[in-house]
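Below: one structure, written as structure tokens.
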Amino acid sequence: MHKQKKYRAITPGVAWLLSELQIESLYGREALKNLRPAKSDQLEQLRQSLSELETMVAAARQDRSIFDQAASIFKCLRFINGSLDNLEAGQVPDETELLEIKGFAMMLTSLKNWYDRSGLQLPSVSFSDIEPVIKILNPDRTVVASFHVHEAYSQKLKKIRAEKLQLESMILQCNDQQQRDELRDQRARLVQTEKAEEHLVRENLGRQLLEWVTRMRHNAMAAGRFELLLAKTLLACRFNCTCPAVFAATKKVTLQAEEMINPEVETILASHGKQFTPVSIELNPGTTLLTGANMGGKSVALMTLAMNAELATLGFFVFARRFSMPLFDFIYLIAGDGQNQASGLSSFGAEIIRLSELTALTRQGVGLAICDEFARSTNPSEGSRFVQALGEFLQQSGSYGVIATHFDGIRIAEASYYQVIGLKNKTISAAGGDRNSLLNNLCDNMDYRLVRLSDDYQVPKDALHIASILDVDPEFMAILRRHYPSTGE
Amino acid sequence: MGRSLAELIEGYSCVAIIGMEKNAGKTTVLNHLLSTRPPVVQAITSIGYDGEDTDQVTATDKPSIYVGCGTMVATASSLLGQCDFTRELLRFTGFHTPMGEVVITRARSDGFAQIAGPSTTVQMSSLINMLHELGAVQVLVDGAAARKSTAAIASSEACILATGAAFSPDPDDIIEQTRHYTELLTLPEFEPDTVFALRNADANSCILLDQGGNICGRVSALSDECADLIAGRNGQPTMALFNGAVTRPVLQKLLDKCRQLDWLQIVAEDGTRYLINSRQKLDLTSRGARLAVRRQVNLIAVTVNPTAPSGLKLDSAELCDRLSEKIGMPVFDVYAAQNHAFSRKATQYA
């Protein structure tokens with residue numbers, strides 16, 4: 001079978017969410033492994049899976065417990081592909097394989113019955129009827145979860161076992177050592193014929209099961225997909241996510257993100273008793289420039305946007321009050337310090353390599369490019385030229401690019417400009433105390449929301465102020481202040 | 001004549017049979033207990049796998065386990081083919097061994113069984129629960145030889161110790177070593193809450209607690225410093241908690257350093273963790289050290305196999321008598337039981 005590599009999340013947020021998904025069965029994990037972002041020509045499939053997810057979420061929001069039975073089935077569903085492979089290879093199934101197949105058939109039959117009753121009727125999820133498999137492996141009228149090579153399969157087997165039972169009771173009652181040994185020899189010979197006959201029975205069962213293998217595989221895959229869908233559903237309910245609207249990427253489509261949150265950051269903040277400030281942004285094709293004070297949440301805003309876009313392409317609900325976007329061909333990040341001494345790349349070198357990959361992608365389709373403080377690690381006079389060029393390049397590429405920067409004076413024709421609102425109170429000062437209270441003071445005074453600006457914006461000059469709020473050494477501050485123009489900060 | 005071995009274990013939901021040595025007759029005891037066919041559903045499993053047809057070490061015939069119809073057998077899947085009772089497969093357990101996943105079966109006829117079970121305490125306890133849930137009233141656990149039997153005794157209600165001529169050709173030696181070992185197994189249980197001290201402790205740690213129960217030292221029980229650290233508390237009331245083995249080198253070094261040990265209490269998980277000889281134990285206790293365990297083994301009987309792998313046969317009646325007198329516990333001759341493999345009673349000397 002063709003083995004696919006596990007999907008590697010583009011954004012840290014998605015990687016975190018995938019690790020939070022509750023998936024129990026190996027079939028569910030297989031489905032997760034095969035998760036792929038929808039390409040621009042798969043818009044209809046993506047919309048269908050989002051609408052299936054909508055149906056599931058609506059059902060779960062009404063009554064979460066309807067999924068309990070399915071969830072409990074996934075918990076004990078065994079991965080039987082090995083047994084099915086062996087059947088197809090013509091091997092005689094052993095008794096553990098038959099037990100495994102019987103258990104699977106029983107589980108999947110109850111899953112199918114539950115699903116049919118649930119009224120969910122999702123177009124992509126259907127289970128074949130494999131109840132006959134249970135009948136093959138359970139000749140009695142009462143269905144039990146155990147398996148044994150039943151006498152009902154063979155008259156000869158029934159006879160051998162009756163004879164064996166008789167011998168065993170004779171052995172039990174016999175007190176003469178020699179006679180007992182003889183009886184044991186007889187029994188041992190009988191055990192051999194019993195085993196031979198059981199082998200024939202199992203061979204025959206294997207042949208009967210062979211015609212059900214395809215349907216069992218189909219059900220296994222469907223169960224895996226359904227478990228992934230269920231995990232997406234429970235995630236959407238847990239974080240109160242919304243269904244994204246996804247459109248074909250034509251020239252005029254705007255990405256609209258209203259009040260996005262980042263669940264990972266939100267969880268961390270919540271553990272410190274803090275709240276995540278939702279961010280909103282609108283992107284048109286071309287470049288959007290994002291500026292703002294240090295520690296103002298630019299990176300978090302960018303990553304939250306990229307995460308939500310990635311989730312939408314993967315058929316997940318998103319973390320926003322409203323979210324609509326074109327179906328991108330790619331989502332690409334140039335963010336963080338890519339310095340890697342092992343590969344001999346400096347931060348700047350790594351960025352330039354990422355840049356080449358990005359420019360190549362923009363020629364193949366329409367994507368979302370997220371660039372966090374591009375060229376920050378080179379000298380500012382050249383760095384700002386790189387950012388200017390990247391902005392101009394993305395503006396004419398047809399893709400959607402967001403560049404966060406501290407560089408001054410970047411002006412790109414027809415680009416959009418956003419800024420983190422930043423420090424609410426321009427005169428706050430150090431609170432004193434330990435590092436935590438300094439940080440708290442800063443966070444309490446920061447407005448993390450984004451505002452749209454015209455192109456005569458100013459890059460905020462808050463570094464000095466923020467350093468003083470964080471209580472940097474007074475001697476250092478005195479020296480620093482000498483290097484600022486006397487007109488003010 | 002007192003109660004038979006089978007009668008002694010009545011009412012216990014799980015009984016482990018552990019051996020002082022290989023060839024101590026563990027399997028014979030199991031076979032005896034299985035052959036009595038009590039009116040309740042029995043189940044059998046084993047700690048790990050210990051089932052070559054002949055003993056690899058001593059080349060003696062190893063008796064196979066013979067189970068009766070209706071008995072539940074929990075064994076590794078790859079050994080099912082070597083079992084010759086007609087069987088029903090009840091369920092998978094999810095516990096994997098080198099011989100495959102452990103599967104629970106029910107015998108639908110009598111027959112020989114090859115048994116390999118899980119080897120950790122957690123898995124064994126969980127397996128015993130599964131067997132009870134499936135209807136087994138009495139679970140017999142074939143525990144490994146002494147030092148490896150922790151998982152067996154930790155998950156059982158009662159324990160039978162198998163000893164015999166395989167251990168030593170000298171009856172005095174057998175009696176002395178068995179006495180020493182039963183003493184270790186039945187060391188007093190240390191009640192007060194010490195779990196907090198062992199939480200997050202590394203394996204094979206020794207943790208020292210002062211009189212107030214506060215941790216005042218922590219060291220690897222396998223390191224040279226272990227004895228130094230304990231000896232450094234000389235005179236101050238101290239409890240040394242071990243979560244792994246309490247080894248001879250540590251205690252010997254301690255004995256060399258301290259003349260008096262009446263300030264010291266040693267607490268191990270259970271008696272099998274004390275890897276010391278009777279001489280050392282005497283040295284420790286005569287200097288005032290108190291030995292205790294967190295879990296006392298409920299030892300209900302000792303069995304003796306008077307025949308050594310070499311063919312040597314000791315006087316069974318005398319051995320059993322003397323042993324029983326020494327340890328104050330019922331002692332059974334399994335050889336008598338082996339000769340009447342399906343008899344209703346083993347002979348008891350008590």
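Scan the stretch A:201-216 and give yes if some residue there is at pLDDT 95 or above, hydrophobic (A, V, I, L, M, F, W, C) and outside any helix (DSSP H, G or I), otherwise no. Among the residues of the stretch A:201-216, at least one is at pLDDT 95 or above, hydrophobic (A, V, I, L, M, F, W, C) and outside any helix (DSSP H, G or I), which makes the answer yes. Being within 11 Å of chain B (Cβ to nearest Cβ), surrounded by fewer than 15 Cβ atoms within 10 Å (Cβ to Cβ) and out of contact with any His (no Cβ under 7 Å at 6 or more places or on another chain): is that true of A:ALA145 here? Criteria met by A:ALA145. Could you list all residues from the stretch A:80-89 that are in contact (Cβ under 8 Å) with a residue 60 or more places away in the chain and not in a helix (DSSP H, G or I)? Correct list: A:ILE80 only.
When the strands (runs of 3 or more DSSP E) confined to the stretch B:277-339 are screened for residues that are more than 30 Å from B:MET239 (Cβ to Cβ) and touching a helix residue (DSSP H, G or I) at 6+ places or on another chain (Cβ under 7 Å), those reaching at least 1 such residues are found at B:299-305, B:331-333.
When the criteria are applied in full, A:GLN192 meets the requirement of being polar (S, T, N, Q) and within 14 Å of chain B (Cβ to nearest Cβ).
Here A:LYS112 qualifies as touching a residue at least 24 places away in the same chain (Cβ under 8 Å), more than 9 Å from chain B (Cβ to nearest Cβ), of a type in the set (D, E, K, R) and crowded, with 19+ Cβ neighbours inside 10 Å. Residues in the stretch B:254-267 that are crowded, with 20+ Cβ neighbours inside 10 Å and in contact (Cβ under 8 Å) with a residue 40 or more places away in the chain: B:VAL267 alone.
Suppose we filter A:LEU390, A:LEU368 for residues that are surrounded by 19 or more Cβ atoms within 10 Å (Cβ to Cβ) and part of a helix (DSSP H, G or I); which single one remains? Steps first, please.
On the way: A:LEU368 fails: part of a helix (DSSP H, G or I).
Unique residue meeting the criteria: A:LEU390.
Just to be sure, is B:LEU140 at negative phi and within 24 Å of the chain's Cα centre (by Cα)? Yes: the conditions hold for B:LEU140.
Taking (1) out of contact with any helix residue (DSSP H, G or I) (no Cβ under 9 Å at 6 or more places or on another chain); (2) surrounded by 15 or more Cβ atoms within 10 Å (Cβ to Cβ); (3) modelled with pLDDT under 90; (4) not in a loop (DSSP other than H, G, I, E, B) in turn, B:LEU229 satisfies each apart from (3).
Got at least one residue in the stretch B:124-137 being part of a loop (DSSP other than H, G, I, E, B), in contact with a Gly (Cβ under 6 Å, 6 or more places away or on another chain) and either more than 14 Å from chain A (Cβ to nearest Cβ) or more than 30 Å from A:VAL143 (Cβ to Cβ) (or both)? Checking the stretch B:124-137: not a single residue is part of a loop (DSSP other than H, G, I, E, B), in contact with a Gly (Cβ under 6 Å, 6 or more places away or on another chain) and either more than 14 Å from chain A (Cβ to nearest Cβ) or more than 30 Å from A:VAL143 (Cβ to Cβ) (or both). Which members of the stretch A:226-255 meet the condition of being closer than 27 Å to A:SER416 by Cβ and either modelled with pLDDT of 95 or more or of a type in the set (A, V, I, L, M, F, W, C) (or both)? Within the stretch A:226-255, A:CYS241, A:THR242, A:CYS243, A:PRO244, A:ALA245, A:VAL246, A:PHE247, A:ALA248, A:ALA249, A:VAL253, A:LEU255 meet the criteria. Among the residues of the stretch A:262-280, those that are surrounded by fewer than 21 Cβ atoms within 10 Å (Cβ to Cβ) and either touching a strand residue (DSSP E or B) at 6+ places or on another chain (Cβ under 8 Å) or small (Gly, Ala, Ser) (or both) comprise A:ALA270, A:SER271, A:GLY273, A:THR277, A:PRO278, A:SER280. Looking only at residues in the stretch B:71-104 that are assigned to a loop (DSSP other than H, G, I, E, B) and surrounded by 22 or more Cβ atoms within 10 Å (Cβ to Cβ), the one that is farthest from the other protein chains (Cβ to nearest Cβ) is B:THR71. What do you reckon, is A:ALA196 in the same structural domain as A:LEU157 (by TED's automatic domain parsing), of a type in the set (A, V, I, L, M, F, W, C), surrounded by fewer than 14 Cβ atoms within 10 Å (Cβ to Cβ) and at pLDDT below 95? It is false that A:ALA196 is in the same structural domain as A:LEU157 (by TED's automatic domain parsing), of a type in the set (A, V, I, L, M, F, W, C), surrounded by fewer than 14 Cβ atoms within 10 Å (Cβ to Cβ) and at pLDDT below 95.
Checking the structure you have, find out if any residue of the stretch A:100-107 is more than 12 Å from chain B (Cβ to nearest Cβ) and under 28 Å from the mean Cα position of the chain (by Cα). Checking the stretch A:100-107: at least one residue is more than 12 Å from chain B (Cβ to nearest Cβ) and under 28 Å from the mean Cα position of the chain (by Cα). Any idea which of A:VAL125, A:VAL133 is modelled with pLDDT of 95 or more, more than 14 Å from chain B (Cβ to nearest Cβ) and under 28 Å from A:HIS218 (Cβ atoms)? That would be A:VAL133, the only listed residue that is modelled with pLDDT of 95 or more, more than 14 Å from chain B (Cβ to nearest Cβ) and under 28 Å from A:HIS218 (Cβ atoms). Here A:ILE171 passes the criteria (1) within 11 Å of chain B (Cβ to nearest Cβ); (2) touching a residue at least 24 places away in the same chain (Cβ under 8 Å) except the one numbered (2).
Which of the residues spanning the stretch B:105-123 are free of Cβ contacts under 8 Å to residues at least 40 places away in the same chain and facing chain A (nearest Cβ under 9 Å)? Those that are free of Cβ contacts under 8 Å to residues at least 40 places away in the same chain and facing chain A (nearest Cβ under 9 Å): B:THR105, B:ARG106, B:ARG108. For A:SER25, state whether it is free of Cβ contacts under 8 Å to residues at least 60 places away in the same chain and of a type in the set (Ser, Thr, Tyr). So A:SER25 fails the test.
The values are calculated or read from the model by the stated rules, or taken from the named source; none is laboratory data. Quick caveat, the model's predicted, so the values are computed rather than measured. Using ideal geometry, Cβ is built from the backbone for each residue, glycine included, and neighbour counts are taken over all protein chains shown.
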